[in-house]
Amino acid sequence: AQSVAQPEDQVNVAEGNPLTVKCTYSVSGNPYLFWYVQYPNRGLQFLLKYITGDNLVKGSYGFEAEFNKSQTSFHLKKPSALVSDSALYFCAVTLSGGYQKVTFGTGTKLQVIP
Amino acid sequence: DVKVTQSSRYLVKRTGEKVFLECVQDMDHENMFWYRQDPGLGLRLIYFSYDVKMKEKGDIPEGYSVSREKKERFSLILESASTNQTSMYLCASSLGQGRNQPQHFGDGTRLSIL
């Protein structure tokens, strides 16, 4: 079975400061990992993914994520937070075998304080 | 850009009614998904489909069924609506059977069962 944990329900950060949203995963094999963002009353939007290769993945809106196999983590980062980054962030994992079934985390609310 | 359209943003139905939620995508994607989103629980997969007339149960299929008669359309059916099915429902689509393709989401249907 595969699972994703987002240990923080909410993260608060001051505008201009770096931000990190944490994600750990559990799979039996090599994972494909994703980050999505959800703004109020909207569906999820894809930010970035890790498939293979470079452990540092760059995505939309200046976000990046670091894949760490030994710690089974895929933390989302941004060097300088904007108020407009305030949203709900979801980490997701999928695995080899069968058709594409993705497991999502419970989400982390990011609040960027002006 | 991929567009996933859900027929209703808000829907109010009564207990025992048969409810239809419709989803259409315009990018010829093979895979389509139905999730429900509840606070603290993240996204939970109800059903998915990887081809016309094909369907697979997700993690919480009880009380739901689906229909995919055309590639672009994926319908979720609540056979006899109950109050515990009050939730936000999200439809998504993705390209091919590749596990590394991101999902594209609609803006959701907020369903209330009275």
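The mean accessible area for residues of chain A, using a 1.4 Å probe and ignoring ligands and nucleic acids, is 47 Å² per residue.
Along the charge dipole of chain A, pointing to its positive end and built from +1/-1 on Cβ of Lys, Arg, Asp and Glu, which listed residue (A:61, A:106, A:10) has its Cα farthest out? The residue sitting farthest along the positive end of the dipole is A:106. Residues B:104, B:29, sorted by accessible area with the largest first, give B:104, B:29 [1.4 Å probe; ligands and nucleic acids excluded]. Partner shielding of A:37-43 amounts to 4, given as the average count of beta-carbon atoms from other chains within 10 Å of each residue beta-carbon.
Accessible area per residue for chain B, computed on protein heavy atoms with a 1.4 Å probe, is 48 Å². In this structure residue B:18 has an accessible area near 110 Å², from a 1.4 Å probe over the protein heavy atoms.
Rolling a 1.4 angstrom probe over the protein assembly as shown with all protein chains present gives an accessible area of which 49% lies on carbon and sulfur atoms.
When the C-alpha to C-alpha distance is required to be over 27 Å, the pairs from B:3/B:57; A:77/B:57; A:109/B:3 that qualify are A:77/B:57. Buried area at the A:B interface is about 2200 square angstrom, summed over both chains, from accessible surfaces computed with a 1.4 angstrom probe.
For region A:27-40, backbone phi angles converted through the Karplus equation (6.51, -1.76, 1.60; θ = phi - 60°) give residue-by-residue couplings of 9, 9, x, 8, x, 10, 10, 9, 10, 10, 10, 10, 8, x Hz, Gly and Pro being listed as x. Here the protein assembly as shown is treated with +1 on each Lys and Arg Cβ and -1 on each Asp and Glu Cβ, and its dipole about the Cα centre works out to around 260 debye.
Each 5 Å bin from 0 upward holds the following percent of the Cα-Cα pairs of region A:51-114: 4, 14, 21, 24, 19, 11, 4, 2, 0, 0.
Computed from backbone phi with θ = phi - 60° and the Karplus coefficients 6.51, -1.76 and 1.60, the 3J(HN,Hα) list for region B:69-78 is 8, 10, 4, 7, 10, 9, 10, 10, 10, 9 Hz; x is used for glycine and proline. Cross-link candidates for residue A:58: which aspartates and glutamates have Cα within less than 14 Å, leaving aside residues fewer than 8 places away along the same chain? Once the sequence-local aspartates and glutamates are set aside, what remains near residue A:58 is A:66.
Legend: mean number of C-beta atoms from other chains within 10 angstrom of residue C-beta atoms, peptide B:104-112, equals 3. Peptide A:46-55 has a mean shielding of 2, counted as Cβ atoms of other protein chains within 10 Å of each residue's Cβ. In this structure the amide hydrogen of residue B:17, modeled in the peptide plane, comes within under 5 Å of the amide hydrogens of B:81, none closer than 5 places in sequence on its chain. DSSP beta bridges fully contained in chain A are about 85 percent antiparallel. Counting only DSSP beta bridges whose two residues both lie in chain B, roughly 90 percent are antiparallel. Averaging Cα coordinates gives a centre for region A:46-84 and one for region B:42-114; these two points are 28 Å apart. Here the Kirkwood formula, the inverse mean of 1/r across different C-alpha pairs, assigns the protein assembly as shown a hydrodynamic radius of 18.1 Å. Under a model in which nothing but the beta-carbon of Lys, Arg (+1) and Asp, Glu (-1) is charged, chain B shows a dipole of about 220 debye around its Cα centre. For residue A:11, the amide hydrogen comes within under 5 Å of the amide hydrogens of A:109, A:110, A:111, counting only partners 5 or more places away or on other chains and with H modelled in the peptide plane.
The values are calculated or read from the model by the stated rules, or taken from the named source; none is laboratory data. Owing to the predicted nature of the structure, the values given are computational and were not obtained by experimental measurement. Using ideal geometry, Cβ is built from the backbone for each residue, glycine included, and neighbour counts are taken over all protein chains shown. Side chains are part of the model used for accessible areas, which takes the heavy atoms of the whole protein and leaves out ligands, DNA and RNA. Shrake-Rupley method; radii C 1.70, N 1.55, O 1.52, S 1.80 Å.
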